[in-house]
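**Q** Let me give you the structure first, and then I'll get to my questions.
The values are calculated or read from the model by the stated rules, or taken from the named source; none is laboratory data. Predicted, not measured: the structure shown is a model, and the values here were computed from it. Note that each Cβ is placed from the backbone with ideal geometry, even for glycine, and that neighbours are counted across all protein chains shown.
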Amino acid sequence: AQKVTQAQTEISVVEKEDVTLDCVYETRDTTYYLFWYKQPPSGELVFLIRRNSFDEQNEISGRYSWNFQKSTSSFNFTITASQVVDSAVYFCALSESGTSYGKLTFGQGTILTVHP
Amino acid sequence: GAVVSQHPSRVICKSGTSVKIECRSLDFQATTMFWYRQFPKQSLMLMATSNEGSKATYEQGVEKDKFLINHASLTLSTLTVTSAHPEDSSFYICSARGGFYEQYFGPGTRLTVT
């Protein structure tokens, strides 16, 4: 069975601080996909990134960066120079491949609060 | 990017009534749609997988007679909560799988049962 663990339930930072959200996953599949979503108070999920299991390159998109390490089954997310608008719940998720693609197992979520 | 809509966005109903939630893929065909449920301050849990033209596959612990799913066309899946009770109050989100490794979430439907 697949499992995603986000050990940090809540994180509070002051604007301009860097913050890292941790994600650890478990799967028996050799091919799988990892995601990060942002959920603002409106509830709508905002897609941030997708990574497949064969691509361990780190990725940077503006203030966001992701560190994928298969050796430790982790897919951590870092926000550099955080802003108040980054305040939201962030979910890490795992999907099987093939015909089960899109069937996501979500982590518990991390509530990020960025104070001015 | 591709768009998935849900209707209604919010619904309040009385205990014992049934509520239908629609999930539509607006600019692509979705052979598979997924329904998730999110209780307040909790994570999203997969309820069922809906395939066009066939019966939905429900996750363990989800009552299929209570949560009726119909995927009658390549752009529409519906979730009907039958005989709703206050404990069914939740945020319901669908996602639609389009091309081979593409999937998009709808904006969600907030159900309140009084």
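**Q** Under 7 Å between Cβ atoms, at least 6 apart or on separate chains: pull out the pairs that start in region A:1-17 with a residue that is over 18 Å from A:Phe91 (Cβ atoms) and end on any residue that is at pLDDT 95 or above and part of a loop (DSSP other than H, G, I, E, B).
**A** As it stands, the answer is A:Val13/A:Ser82; A:Glu15/A:Ser82; A:Glu15/A:Gln83; A:Glu15/A:Pro116; A:Lys16/A:Ala81; A:Lys16/A:Ser82; A:Glu17/A:Ser82, since those pairs meet every condition given.
Every residue, every condition in (1) within 14 Å of chain A (Cβ to nearest Cβ); (2) on the phi < 0 side of the Ramachandran plot; (3) in contact (Cβ under 8 Å) with a residue 24 or more places away in the chain, yes or no:
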position	(1), (2), (3)
B:Thr32	yes, yes, yes
B:Met45	yes, yes, no
B:Ala56	yes, yes, no
B:Gly61	yes, no, no
B:Lys64	no, yes, no
B:Leu111	yes, yes, yes
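**Q** Can you pull out every residue in region A:51-69 that is charged (D, E, K, R), surrounded by fewer than 17 Cβ atoms within 10 Å (Cβ to Cβ) and either at pLDDT 95 or above or under 20 Å from B:Glu102 (Cβ atoms) (or both)?
**A** Within region A:51-69, A:Asp55, A:Glu59, A:Arg63 meet the criteria.
Conditions tested, residue by residue: (1) buried (at least 17 other Cβ atoms within 10 Å of the Cβ); (2) in contact with a Leu (Cβ under 8 Å, 6 or more places away or on another chain).
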{"site": "B:Ser43", "(1), (2)": "yes, no"}
{"site": "B:Thr49", "(1), (2)": "yes, no"}
{"site": "B:Ala56", "(1), (2)": "yes, no"}
{"site": "B:Gln60", "(1), (2)": "no, no"}
{"site": "B:Val81", "(1), (2)": "yes, yes"}
{"site": "B:Phe91", "(1), (2)": "yes, yes"}
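**Q** Mind listing whichever residues of region B:12-61 are acidic (Asp, Glu) and at pLDDT below 95?
**A** B:Asp27, B:Glu52
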